[in-house]
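Visitor: Below is the structure I would like to discuss, written out as structure tokens.
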Amino acid sequence: MSDKVNEQELVNVLSAKTKVEPQVIRLVLKHEQTFINKAKANAKGEVDIDSDDLVDYVTAQRDVKLDEITVETILDAEMDYLMDKGLAGYID
């Protein structure tokens, strides 16, 4: 996550949007960050993340007790938040 992101604000927004408890959202975001950190950047320094692979990775973690749809909803809401803040986008 970018330093420009207020994690508490992000967690509050995601919790309000998804009705998932903040500590569970933090867990999902932690595993998401681990997945992203392991991804390899291309020649431009961009990291292409397959959302299905990311959801599968997060739901496979033993401490995550959410279904795929809930994890996907959290991650989609996070992407919406980051795009609204101008901090993320999709690569065509």
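Visitor: State all residues of segment 49-71 that are out of contact with any Phe, Trp or Tyr (no Cβ under 6 Å at 6 or more places or on another chain) and assigned to a helix (DSSP H, G or I); if no residue qualifies, say none.
Guide: 51, 52, 53, 55, 56, 58, 59, 60, 68, 69, 70, 71, listed by residue number.
Visitor: Considering only residues that are of a type in the set (D, E, K, R) and part of a loop (DSSP other than H, G, I, E, B), look in segment 1-48 and name the one that is nearest to residue 59 (Cα to Cα).
Guide: Filtering first and then ranking leaves 21.
Visitor: Give me the residue from segment 77-92 that is open to solvent by 70 Å² or more (accessible area, probe 1.4 Å) and not in a helix (DSSP H, G or I) and, out of that set, modelled with the lowest pLDDT.
Guide: 92
Visitor: Please work out if residue 67 is farther than 19 Å from residue 16 by Cα and surrounded by fewer than 18 Cβ atoms within 10 Å (Cβ to Cβ).
Guide: No, not satisfied.
Visitor: Quick one: residue 74 ticks every box in (1) part of a loop (DSSP other than H, G, I, E, B); (2) open to solvent by less than 40 Å² (accessible area, probe 1.4 Å) bar one, so which box is it?
Guide: For residue 74, the failing item is (1).
Visitor: In segment 42-64, which residues are more than 25 Å from residue 23 (Cβ to Cβ) and open to solvent by less than 60 Å² (accessible area, probe 1.4 Å)?
Guide: 45, 47 - these are the residues of segment 42-64 that are more than 25 Å from residue 23 (Cβ to Cβ) and open to solvent by less than 60 Å² (accessible area, probe 1.4 Å).
Visitor: On to the next question. Can you confirm whether residue 14 is at pLDDT below 95, within 12 Å of the chain's Cα centre (by Cα), of a type in the set (A, V, I, L, M) and open to solvent by less than 80 Å² (accessible area, probe 1.4 Å)?
Guide: Spelling it out, it is not the case that residue 14 is at pLDDT below 95, within 12 Å of the chain's Cα centre (by Cα), of a type in the set (A, V, I, L, M) and open to solvent by less than 80 Å² (accessible area, probe 1.4 Å).
Visitor: Let me ask something else about it. When you scan segment 1-33, how many residues do you find that are of a type in the set (Ser, Thr, Tyr) and touching a residue at least 12 places away in the same chain (Cβ under 8 Å)?
Guide: Looking only at that region, the number is 2.
Visitor: Shifting gears a bit: Quick check on my filter: what residues within segment 43-75 are among the acidic types (Asp, Glu) and farther than 15 Å from residue 31 by Cα?
Guide: 46, 48
The values are calculated or read from the model by the stated rules, or taken from the named source; none is laboratory data. Owing to the predicted nature of the structure, the values given are computational and were not obtained by experimental measurement. FYI the Cβ positions are ideal-geometry reconstructions off the backbone, even for glycines, and counts take in every protein chain you see. The protein model used for the area step is the full one, side chains on, heavy atoms only, and it has no ligands, DNA or RNA in it. Shrake-Rupley method; radii C 1.70, N 1.55, O 1.52, S 1.80 Å.
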